[in-house]
Amino acid sequence: MLQIRELHATVNDKEILKGLNLTVKPGEVHAIMGPNGSGKSTTASVLSGNPGYTVTKGSIRFYDQNIITLKPEERAGEGIFMAFQYPVEIPGVSNINFLRTAIGEIRAYKGLPPMETRDFVKMFREKQHLLQFSNELAGRSLNEGFSGGEKKRNEILQLAMLEPRLAILDETDSGLDIDALRIVSNGVNKLRSSANAFVLITHYQRLLEHIEPDFVHVLYKGRIVRSGTKELAGELEAKGYDWLKDLPDALTDQN
Amino acid sequence: MDTADTNNTLHSVIEGNYQYGFVTDIEMDILPRGLSVETVMAISEKKNEPEWLLKWRLTAYRHFLKLLETQGMPEWQNFNLPAIDFQAISYYAAPKSKPVLNSVDEVDPELIATFEKLGIPLTEQKMLSGVAVDAVFDSVSVATTFRKELSKLGIIFCSFSEAIKEHGDLVKKYLGTVVPATDNIFAALNAAVSSDGSFAYIPKGVRCPMELSTYFRINAGNSGQFERTLVIADEGSYVSYLEGCTAPQRDENQLHAAVVELIALSDAEIKYSTVQNWYPGDKDGKGGIYNFVTKRGICKGNGARISWTQVETGSAITWKYPGVILKGDNSSAEFYSIAITKNKQIADTGTKMIHLGKNTKSRIISKGISAGEGQNSYRGLVHAGRNAINARNFTQCDSLLIGSTCGAHTFPYIEAKNKSVQIEHEATTTRIGEDQIFYLNQRGINTEKAVALIVNGYAKEVLNNLPMEFAVEAQKLLAISLEGSVG
Ligand SMILES: Nc1ncnc2c1ncn2[C@@H]1O[C@H](COP(=O)(O)OP(=O)(O)OP(=O)(O)O)[C@@H](O)[C@H]1O
Ligand SMILES: [Mg+2]
């Protein structure tokens with residue numbers, strides 16, 4: 001479903017992604033790991049069309065189209081979802097109203113009629129239960145005054161409601177307590193199907209023990225320098241990233 | 001609004017088009033430009049006014065001249081008041097066809113069509129149910145609906161001109177008692193040259209069964225609109241009143257200096273709502289209405305209640321402070337406001353709550369929204385007099401900034417003359433940044449809708465106070481007003 005080819009991207013004229021390649025097929029779970037500042041969040045931002053980032057070279061194909069020219073809301077309509085590393089607070093907009101609007105817009109993009117209120121409420125109750133998201137939180141303004149972990153859980157609640165084809169989770173596990181991590185992971189596992197795919201950006205093997213990835217990639221200086229199966233995560237946990245410094249320049253820096 | 005509709009309005013606004021900017025081509029009776037004793041007399045004569053009213057006007061005119069000479073224009077506001085050439089304005093402009101009082105169906109079809117285009121159908125077949133409308137076109141009221149139905153309950157709802165003829169005693173008793181002709185320079189000007197407006201009287205114990213509303217339309221060029229509204233709620237009565245306004249798109253600025261007076265006797269309640277959408281000028285600040293309005297109510301009797309709700313989206317400059325004098329014991333007042341400024345629009349608005357009676361309560365909720373280079377000032381006075389024992393006020397004053405080139409300012413003034421008074425003031429400022437917009441974009445919501453979602457959430461508390469029929473309209477208007485102001 002997703003094919004990223006030789007992707008170069010800049011932010012504030014600084015090149016961050018330097019020839020990234022990644023292929024994701026329906027039903028797969030990919031983990032992206034790598035040291036701080038290597039370009040993981042940048043990859044997520046570029047995929048979701050953040051206007052602050054400029055693609056200078058390469059292509060991103062999602063199903064049958066190159067999505068580089070699509071607006072962020074169009075990409076969301078196509079079924080790309082990003083759980084933010086730092087979800088923002090939006091005072092005055094209720095969680096529920098926000099979700100209704102988002103679902104309505106995405107359905108409209110797909111040419112579907114608005115969801116019936118009854119169906120919406122039923123779906124919300126189900127997902128709320130799945131993620132053990134309290135009524136008190138649901139009734140508040142979007143992320144307003146939420147703790148770090150509550151915000152992360154809300155990202156996954158939105159994911160569950162919007163049912164994307166491709167979900168990118170940017171360090172959703174960071175800041176979650178042990179119980180919350182289990183709830184969120186269970187939630188994600190229940191949402192997995194042969195029709196959708198997940199890209200998990202994480203620093204910790206712990207998450208991957210809950211959500212088992214098909215592939216693990218190491219991102220370093222804007223490129224994927226190693227790919228493997230879930231054993232690679234364990235290896236990284238044990239070795240750290242020091243070994244990256246010994247990689248030949250040709251692998252890490254093309255210039 | 002369906003999607004196609006939304007898209008159309010979206011484009012029209014982004015391109016700087018104002019939806020109501022058209023001009024009606026109709027034969028007019030227009031006084032030559034200029035302001036003098038003769039102008040005042042000519043207006044009074046056209047309306048066949050009684051002697052006392054002409055005298056009142058002339059006194060007001062002399063006061064206006066005196067203020068202009070001795071003090072000049074006010075300077076305390078938080079903006080530069082552009083010079084206004086009072087001699088360049090025509091003070092009376094009316095469609096030539098005579099106003100028809102008996103049947104709306106006899107009104108000039110051109111006027112009917114104009115109001116219909118503005119979403120205000122006036123004919124019997126199409127009238128909005130549950131809303132009685134007085135339609136004011138430039139200097140005169142051209143039609144008032146549901147008069148007969150209302151009169152069965154003893155409710156008087158008619159144009160100001162007609163009220164002077166038919167209910168002179170009531171007008172004489174109350175005119176200028178809340179906003180005296182000497183109140184300020186624009187109130188003085190209004191008293192001198194006001195040509196029409198709306199009048200409502202709700203008798204004792206009657207609950208007005210429908211919304212009363214006035215729709216103001218400025219059409220003629222080089223003219224101003226100086227209308228006067230007087231609403232009297234007799235003991236134990238209730239009325240909800242709504243005014244709306246629009247004007248053609250023109251490069252010149254036009255002056256709108258209205259006066260509204262509300263009188264609530266014992267245990268009466270008046271809710272007055274405004275959805276102001278005068279032409280705001282283009283994106284470079286050319287043209288637009290100067291909306292300099294004096295609005296005040298008095299809770300004259302014990303237990304009276306007055307509430308002002310305003311949604312201010314239009315005008316190049318909005319300058320108004322709808323206030324309430326809480327004279328009766330246990331009376332209460334509310335002020336709910338949303339003021340939007342974008343491009344080069346300016347709003348300096350707020351309220352004055354004057355507590356005189358015991359146990360009087362007031363509540364102020366002000367929501368300023370600024371985008372583009374818009375400047376928004378809240379200015380409020382809460383005064384509690386010596387006898388206002390246990391007076392209470394709560395003020396919440398919020399500012400929402402969209403982008404980084406706009407501004408919000410607050411000027412709260414408090415005067416408490418006795419120690420039992422309790423006054424609370426809360427204020428917040430929120431800026432909508434690109435990261436919030438992107439977050440919503442990522443969830444499938446485009447930028448225009450994202451802004452609308454944020455703004456409607458923010459303005460909810462005020463919108464909830466509008467009569468149901470208009471809350472939806474106002475919500476759309478807010479969204480439309482801000483389209484194109486982000487990203
Ligand atoms: N707006 C910006 N201006 C300048 N540099 C930026 C900007 N945004 C990101 N960067 C830089 O791009 C690089 C990659 O950042 P990114 O957020 O993608 O890293 P990451 O791999 O997600 O790191 P972490 O594990 O700490 O979340 C960093 O060096 C960062 O400082
Ligand atoms: Mg990151």
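Condition first: buried (at least 24 other Cβ atoms within 10 Å of the Cβ), in contact with an Asp or Glu (Cβ under 8 Å, 6 or more places away or on another chain) and part of a loop (DSSP other than H, G, I, E, B). Can you find one or more residues in the stretch B:369-383 that meet it? No, the stretch B:369-383 contains no residue that is buried (at least 24 other Cβ atoms within 10 Å of the Cβ), in contact with an Asp or Glu (Cβ under 8 Å, 6 or more places away or on another chain) and part of a loop (DSSP other than H, G, I, E, B).
Counting only residues that are assigned to a helix (DSSP H, G or I) and acidic (Asp, Glu), the stretch B:414-455 holds 3 of them. Criterion first (of a type in the set (A, V, I, L, M), away from ligand 2 (no atom under 16 Å from the Cβ) and farther than 17 Å from A:Arg165 by Cα) does A:Val29 satisfy it? So A:Val29 does not fit the description; no. The set of residues in the stretch A:78-89 that are within 16 Å of ligand 1 (Cβ to nearest atom) and in contact with a strand residue (DSSP E or B) (Cβ under 8 Å, 6 or more places away or on another chain) comprises A:Met82, A:Ala83, A:Phe84, A:Gln85. Filtered by the rule that a residue be at the interface with another protein chain (Cβ under 8 Å from one of its Cβ atoms) and either buried (at least 21 other Cβ atoms within 10 Å of the Cβ) or modelled with pLDDT of 85 or more (or both), the stretch B:448-458 gives B:Lys449, B:Leu453, B:Ile454, B:Tyr458.
Of the residues making up the stretch B:422-432, none is touching a helix residue (DSSP H, G or I) at 6+ places or on another chain (Cβ under 8 Å), of a type in the set (A, V, I, L, M, F, W, C) and more than 14 Å from every other protein chain (Cβ to nearest Cβ). Looking across the stretch A:1-21, the residues that are within 16 Å of ligand 2 (Cβ to nearest atom) and away from every other protein chain (no Cβ under 14 Å) come down to A:Ala9, A:Lys14, A:Ile16, A:Leu17, A:Leu20. Quick check on B:Ala388: is it away from chain A (no Cβ under 14 Å), over 17 Å from the mean Cα position of the chain (by Cα), in a loop (DSSP other than H, G, I, E, B) and crowded, with 19+ Cβ neighbours inside 10 Å? Yes.
The single condition from (1) hydrophobic (A, V, I, L, M, F, W, C); (2) within 19 Å of the chain's Cα centre (by Cα); (3) closer than 30 Å to A:Tyr109 by Cβ that A:Phe146 fails is (2). Just one residue in the set A:Val199, A:Val188, A:Val216, A:Val184 is over 20 Å from A:Phe84 (Cβ atoms) and aliphatic (A, V, I, L, M); that residue is A:Val216.
Per the conditions (1) modelled with pLDDT of 95 or more; (2) away from chain B (no Cβ under 14 Å); (3) more than 14 Å from the chain's Cα centre (by Cα); (4) surrounded by 20 or more Cβ atoms within 10 Å (Cβ to Cβ), the sole criterion not satisfied by A:Ser194 is (4). Might you let me know whether the stretch B:166-180 holds any residue that is under 30 Å from B:Gly34 (Cα atoms) and touching a His at 6+ places or on another chain (Cβ under 8 Å)? Checked against the condition, which is being under 30 Å from B:Gly34 (Cα atoms) and touching a His at 6+ places or on another chain (Cβ under 8 Å), the stretch B:166-180 yields no hits at all. Scan the stretch A:128-140 and tell me whether some residue there is surrounded by 15 or more Cβ atoms within 10 Å (Cβ to Cβ), under 20 Å from the mean Cα position of the chain (by Cα) and of a type in the set (Lys, Arg). Taking every residue of the stretch A:128-140 in turn, none turns out to be surrounded by 15 or more Cβ atoms within 10 Å (Cβ to Cβ), under 20 Å from the mean Cα position of the chain (by Cα) and of a type in the set (Lys, Arg). The set of residues in the stretch A:31-66 being within 26 Å of A:Gly104 (Cβ to Cβ), within 13 Å of another protein chain (Cβ to nearest Cβ) and surrounded by 18 or more Cβ atoms within 10 Å (Cβ to Cβ) consists of A:Ala44, A:Ser45, A:Leu47, A:Ser48, A:Gly49, A:Asn50.
Residues in the stretch B:163-213 that are in contact (Cβ under 8 Å) with a residue 12 or more places away in the chain, over 17 Å from B:Tyr92 (Cα atoms) and acidic (Asp, Glu): B:Asp183, B:Glu211.
Within the stretch B:460-479, the set of residues being assigned to a helix (DSSP H, G or I), modelled with pLDDT of 80 or more and either facing chain A (nearest Cβ under 8 Å) or within 18 Å of the chain's Cα centre (by Cα) (or both) comprises B:Lys460, B:Val462, B:Leu463. Take the conditions more than 10 Å from ligand 1 (Cβ to nearest atom), out of contact with any Ser or Thr (no Cβ under 9 Å at 6 or more places or on another chain) and either among the acidic types (Asp, Glu) or assigned to a strand (DSSP E or B) (or both) and apply them to A:Glu6. Does it pass? Taking the combined requirement at face value, the residue does not satisfy it. Taking the stretch B:263-358 and the strands (runs of 3 or more DSSP E) fully enclosed by it, the elements with 2 or more residues that are among the small types (Gly, Ala, Ser) are at B:288-299, B:332-341, B:346-355. For the stretch A:194-214, residues that are out of contact with any Gly (no Cβ under 7 Å at 6 or more places or on another chain), more than 11 Å from ligand 1 (Cβ to nearest atom) and not in a loop (DSSP other than H, G, I, E, B) total 8.
Within the stretch A:60-83, can one find any residue that is at pLDDT below 95, under 17 Å from A:Asp170 (Cβ atoms) and within 16 Å of ligand 2 (Cβ to nearest atom)? The answer is no; no qualifying residue exists.
Does the stretch A:173-180 contain any residue that is surrounded by 20 or more Cβ atoms within 10 Å (Cβ to Cβ) and within 16 Å of ligand 2 (Cβ to nearest atom)? Yes: one or more hits.
Taken together, B:Asp398, B:Asp435 contain a single residue that is within 12 Å of chain A (Cβ to nearest Cβ) and under 21 Å from B:Lys361 (Cα atoms), which is B:Asp398.
Within the stretch A:67-95, restricting attention to residues that are touching a Phe, Trp or Tyr at 6+ places or on another chain (Cβ under 9 Å) and among the aliphatic types (A, V, I, L, M), the residue that is surrounded by the fewest Cβ atoms within 10 Å (Cβ to Cβ) is A:Val88. Considering only the stretch A:227-247, I want to know if a residue exists there that is at pLDDT 90 or above, in contact with a Gly (Cβ under 9 Å, 6 or more places away or on another chain) and within 16 Å of ligand 2 (Cβ to nearest atom). Within the stretch A:227-247, not a single residue is at pLDDT 90 or above, in contact with a Gly (Cβ under 9 Å, 6 or more places away or on another chain) and within 16 Å of ligand 2 (Cβ to nearest atom). The residues in the stretch A:84-102 that are facing another protein chain (nearest Cβ under 8 Å), more than 9 Å from A:Leu142 (Cβ to Cβ) and among the aliphatic types (A, V, I, L, M) can be counted, and the count is 1. Of all residues in the stretch A:14-54, those satisfying the criterion of being charged (D, E, K, R) and either in contact with a Pro (Cβ under 6 Å, 6 or more places away or on another chain) or more than 8 Å from ligand 1 (Cβ to nearest atom) (or both) are A:Glu15, A:Lys18, A:Lys25, A:Glu28. Screening A:Leu99 with (1) within 16 Å of ligand 1 (Cβ to nearest atom); (2) farther than 30 Å from A:Glu237 by Cβ; (3) among the hydrophobic types (A, V, I, L, M, F, W, C) gives one miss only, at (1). Looking only at the stretch A:67-77, decide whether some residue is touching a strand residue (DSSP E or B) at 6+ places or on another chain (Cβ under 6 Å) and within 24 Å of A:Ile4 (Cβ to Cβ). Among the residues of the stretch A:67-77, at least one is touching a strand residue (DSSP E or B) at 6+ places or on another chain (Cβ under 6 Å) and within 24 Å of A:Ile4 (Cβ to Cβ), which makes the answer yes.
The values are calculated or read from the model by the stated rules, or taken from the named source; none is laboratory data. Quick caveat: nothing in here was measured; it's all calculated off a predicted structure. We place every Cβ from the backbone using ideal geometry, glycine too, and count neighbours over all the protein chains shown.
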